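Rule-based calculations on the coordinates, nothing more; no lab input. Being a predicted model, the structure only gives us computed values, none of them experimental. All Cβ positions, even for glycine, are placed from backbone atoms using ideal geometry, and neighbour counts span all protein chains on display.
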Amino acid sequence: MTAIKFDHLDTAFTHRGGPPGHAEVGRTVSTELSETMGAGFARWEGAEVEWTVKYDEVIFVITGELIVETREETHVITPGQMLWLPNGTWLKYRGHALFGYAVYPGNWKALLEQSN
């Protein structure tokens with residue numbers, strides 16, 4: 001295996017939320033590349049998406065402003081900033097941003113299926 005460079009302009013995105021607004025995610029580091037980690041890009045255009053993370057996640061904003069509300073507080077993440085979210089965190093993503101994310105473990109879906 002060799003190093004791979006990813007560009008959001010070349011990433012295939014899939015719909016993840018909205019209306020209102022639109023949210024989409026493009027996974028670049030999938031389980032085909034790595035079972036231990038996952039990563040990709042996401043674009044939020046005014047959508048509000050609630051989720052409980054099933055993994056540890058790091059979000060880093062490239063452009064715009066992403067708002068991540070947890071049960072404890074609301075975080076406003078802007079370009080050059082990142083946010084770490086521990087496994088089990090309930091949250092709501094909202095805002096207008098292009099951001100990158102990394103998750104561990106990358107095979108979290110398979111692990112959840114095995115445990116059920």
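Here are a few things to note about the model shown:
- The C-beta contact set for region 47-71 (first residue more than 16 Å from Ala102 (Cβ to Cβ), second residue of a type in the set (Phe, Trp, Tyr) and in a strand (DSSP E or B), distance under 6 angstrom, 6+ apart or interchain) comprises Val49/Tyr93; Thr52/Trp90; Arg71/Trp90.
- Some residue of region 19-28 being at negative phi, loosely packed, with under 14 Cβ neighbours inside 10 Å and not in a strand (DSSP E or B): yes
- Region 29-46, residues that are over 10 Å from the mean Cα position of the chain (by Cα) and either small (Gly, Ala, Ser) or crowded, with 19+ Cβ neighbours inside 10 Å (or both): Ser30, Ser34, Trp44, Gly46
- Taking the criterion of being in contact with a strand residue (DSSP E or B) (Cβ under 9 Å, 6 or more places away or on another chain), hydrophobic (A, V, I, L, M, F, W, C) and outside any strand (DSSP E or B), the only residue of region 63-116 that qualifies is Trp108.
- Of residues in region 89-105 being among the aromatic types (Phe, Trp, Tyr) and more than 15 Å from Arg71 (Cβ to Cβ), the one surrounded by the most Cβ atoms within 10 Å (Cβ to Cβ): Phe99
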